[in-house]
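Here is the structure we will look at.
The values are calculated or read from the model by the stated rules, or taken from the named source; none is laboratory data. Remember, predicted model here, so these are calculated numbers, not experimental data. Reconstructed Cβ throughout: ideal geometry from the backbone, glycine too, with neighbour counts over all protein chains shown. These area figures cover heavy atoms from the full protein model, side chains too; ligands, DNA and RNA do not enter into them. Shrake-Rupley method; radii C 1.70, N 1.55, O 1.52, S 1.80 Å.
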Amino acid sequence: ESESEDDDDEEEEEEEDGKEAAAKEAEKAPPPRRMEPLRARYRLSAVIHHLGSTAYAGHYVTSCLRPKPTFPLPCKANPTNSNEWVRFDDETVSTPAGQSGVVAAAEREGYIYFFTPVGI
């Protein structure tokens, strides 16, 4: 046999030894841990709305959820933890009537949605 054939035989033996060693290690390894599903909850916190008949024509407005201001000013906290929706439309800032109206508008006109994690 030539030297190259001897080298080939040695490489094959080393490869087989490596496979056997890997198989033995795999037998020793504990089974993989099962991951528990992530139970994250999110709240809709802002929406960019597109008002228009096509993607090429229209107007964008934004609705954001913010803590209701408390009085007297300056307020240090929002003790009631209540929020309100605010709509920004160019120079006009308004408070739409309730969350259901904003959610309905988001379903009809929503372009980009922003969510905030709850309870984290």
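Residue check: is THR95 open to solvent by 60 Å² or more (accessible area, probe 1.4 Å), in contact with a Phe, Trp or Tyr (Cβ under 8 Å, 6 or more places away or on another chain), at pLDDT below 85 and not charged (D, E, K, R)?
Numbers: open to solvent by 60 Å² or more (accessible area, probe 1.4 Å): yes; in contact with a Phe, Trp or Tyr (Cβ under 8 Å, 6 or more places away or on another chain): yes; at pLDDT below 85: yes; not charged (D, E, K, R): yes.
Answer is yes for this residue.
Surrounded by fewer than 13 Cβ atoms within 10 Å (Cβ to Cβ), within 23 Å of the chain's Cα centre (by Cα) and modelled with pLDDT under 75: is that true of PRO72 in this structure? Don't jump to the end; show me each part of the working.
Values: surrounded by fewer than 13 Cβ atoms within 10 Å (Cβ to Cβ): yes; within 23 Å of the chain's Cα centre (by Cα): no; modelled with pLDDT under 75: yes.
No: the conditions fail for PRO72.
I want to confirm something. Restricting to region 81-92 and keeping residues that are more than 14 Å from LEU51 (Cβ to Cβ) and within 28 Å of the chain's Cα centre (by Cα), which single residue is modelled with the lowest pLDDT?
ASN81
Restricting to region 41-58, name every residue that is without any contact (Cβ under 8 Å) to a residue 12 or more places away in the chain and part of a strand (DSSP E or B).
Across region 41-58, the qualifying residues are GLY52, SER53, THR54, ALA57, GLY58.
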